[in-house]
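A.B. asks: Dropping a structure here in C-alpha cells format, bear with me for questions.
Every number in this text was worked out from the coordinates using simple rules, so none of it is lab data. Predicted, not measured: the structure shown is a model, and the values here were computed from it. Cβ placement follows ideal geometry from the backbone for every residue including glycine, while neighbour counts extend to all protein chains displayed.
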C-alpha cells in the first residue's frame with residue numbers, strides 16, 4: 001500500500017500528489033516500441049499490478065491504451081485541443097488526474113506540474129533545469145513526491161528497426177542518473193534503447209568484464225541467503241512442533257528458538 005502524502009519536501013516546498021497517496025513504486029508506460037514488453041508480461045499474468053501495488057503512470061495518448069492512475073500531458077491543453085479537437089474532448093471526459101503545464105477550467109481534473117517545487121527542492125539552476133521531453137518531468141516528479149522505485153516501458157527515443165531518432169535520449173538518462181544518486185532505484189524494459197539496455201556492451205577498457213565477477217558474487221550471496229533462510233524456517237518449524245508436543249521442561253522451545261535465531265523472524 002502507498003503511504004500518506006508527506007508534504008515536508010526539502011526547503012519546505014509543498015505539493016499534494018493528486019491520487020492522495022505516495023506510491024513506493026511506479027510503473028511508467030510510455031509510447032515507444034518497448035511498451036510491448038509490458039503487454040507480454042501481463043499476457044501470462046492475471047494481475048496488472050506490479051509488486052508493492054505500484055501506481056501506473058502514462059503520458060499523452062497513452063490514456064487510450066493503458067489502465068492507469070495518473071496521466072502526464074506536458075503540453076498546453078488548449079493548444080492541444082485546438083490542433084486535435086477529439087483529443088481535447090477525450091481528455092475533458094477523462095476521469096483520471098492529469099498533470100500538465102497549465103490548468104484550465106475545461107479540464108478540472110488537471111493539476112499544474114510543480115515546476116518551481118522541483119527546481120527549489122533539488123537546487124536546480126541554469127543548465128540543471130534540463131527538461132526537453134516528458135520522461136524527465138515524470139522522473140523529477142516521482143523523486144519530488146518520494147517514490148522509491150520506477151520501472152519504465154516505452155521510453156526508447158530510437159529503435160534499431162527505425163531510422164528516425166529523437167534527440168532527447170540524453171535528457172532522460174541524465175535524470176535517471178540524478179534520481180539514482182538521490183536513492184531511487186529503477187528497472188527498464190530489456191529491449192529498450194534507454195541506457196543501451198537492449199545491447200549493453202562490455203565495460204570499456206577491460207579485457208575481462210569486471211561485471212561478470214560482480215554478478216557471480218551477487219548470485220552466490222543470494223543463494224547463501226536463501227539457504228540460511230530455509231535453515232531458519234526449518235528450525236522454527238521444529239520448535240513449533242516440539243512446543244505443540246509439550247516436550248521438555250523449563251523455557252518454551254519456541255521461545256528459545258526465537259532467541260537463538262537472533263531476530264531472523
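A.B. asks: Starting with the fewest neighbours, write out 148, 105 ranked by other beta-carbon atoms found within 10 Å of each beta-carbon.
C.D. replies: Working: 148 15, 105 6.
Lowest to highest Cβ neighbour count: 105, 148.
A.B. asks: If I take R0 = 22 Å and measure r between the Cβ atoms of residue 92 and residue 67 in this structure, what FRET efficiency does the formula 1/(1 + (r/R0)^6) give, to the nearest 0.05? Spell out each step's value before the answer.
C.D. replies: On the way: r = 20 Å, r/R0 = 0.89.
According to the calculation, E is roughly 0.65.
A.B. asks: Find how many whole Å separate the alpha carbon centroid of region 183-252 from the alpha carbon centroid of region 62-122.
C.D. replies: 41 Å
A.B. asks: I've got another one for you. So for 93, 68, fewest C-beta neighbours within 10 Å to most, what's the order? Mind dumping the intermediate values first?
C.D. replies: Numbers: 93 8, 68 20.
In increasing order of surrounding Cβ atoms, one gets 93, 68.
A.B. asks: Compute the length gained on full extension between residue 112 and residue 128: take 0.36 nm times their separation in residues and subtract their Cα-Cα distance, giving the result in nm to one decimal.
C.D. replies: Details: separation 16, 0.36 × 16 = 5.76 nm, distance 2.08 nm.
Extra length available between residue 112 and residue 128 comes to 3.7 nm.
A.B. asks: Over region 90-176, with a single point scatterer placed on each C-alpha, what log10 of the ratio I(q)/I(0) does the Debye formula yield at q = 0.10, 0.11, 0.19 1/Å?
C.D. replies: -0.33, -0.40, -1.02
A.B. asks: May I ask you to derive the FRET efficiency for residue 16 and residue 209 from their Cβ-Cβ distance with R0 = 41 Å, giving the value to the nearest 0.05? Walk me through the numbers before you get to the answer.
C.D. replies: Values: r = 46 Å, r/R0 = 1.12.
Once the sixth-power term is evaluated, E becomes 0.35.
A.B. asks: Compute from the Cα atoms of region 79-134 the Rg and the Dmax, the latter being the longest Cα-Cα distance, and quote both in angstrom.
C.D. replies: 14.1, 39
A.B. asks: So for the pair residue 40, residue 230, with labels modelled 7 Å out along Cα→Cβ, what separation do we get in nm?
C.D. replies: With each label placed 7 Å out from Cα toward Cβ, I get 3.0 nm.
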